[in-house]
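These notes are about the structure you will find just below.
The values are calculated or read from the model by the stated rules, or taken from the named source; none is laboratory data. Just so it is clear, the model here is predicted, and its values are computed rather than measured. Note that we place each Cβ from the backbone using ideal geometry, even for glycine, and neighbour counts take in every protein chain shown. These accessible areas exclude ligands, DNA and RNA; they are computed on the full protein's heavy atoms, side chains included. Shrake-Rupley method; radii C 1.70, N 1.55, O 1.52, S 1.80 Å.
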Amino acid sequence: MIKLISTQNDGEESESTELITRGKYGREKDGYIIEYDETEATGYAGSTTKIKGV
C-alpha cells in the first residue's frame with residue numbers, strides 16, 4: 001500500500017489531500033520509484049502515475 005499526502009498552500013491557507021492505494025515502491029539504479037494506477041477518485045482513471053526520486 002502507498003500513502004500519499006499532498007498539501008497545497010496559497011500563503012494564507014493550506015489544504016491537504018490524502019490518497020491510499022495499491023502500488024509499487026522500489027529502487028532503481030539511479031534512484032527510487034513509486035508507481036500506482038489512478039482511479040475515478042482522482043479524475044484520472046485508467047492512467048498510471050510514476051514518481052521518480054534520487
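Some notes on this structure:
- Rolled with a 1.4 Å probe across the full set of protein chains, the surface gives Thr48 an accessible area near 70 Å².
- Cα gyration tensor, the chain - rounded (a/c under 1.5), prolate or oblate: oblate
- Positive-end extreme of charge dipole, the chain - chosen from Gly31, Tyr44, Leu4 (charges on Cβ): Gly31
- Longest site-free stretch - the chain; sites: GluC sites (Glu not before Pro), DSSP loop, at most 11 other Cβ within 10 Å: 14-39
- The chain - percent relative contact order, Cα under 8 Å, separation 6 or more: 25 percent
- Trypsin sites (Lys or Arg not before Pro) within the chain, DSSP loop, no more than 12 other Cβ atoms inside 10 Å: Arg22, Lys29
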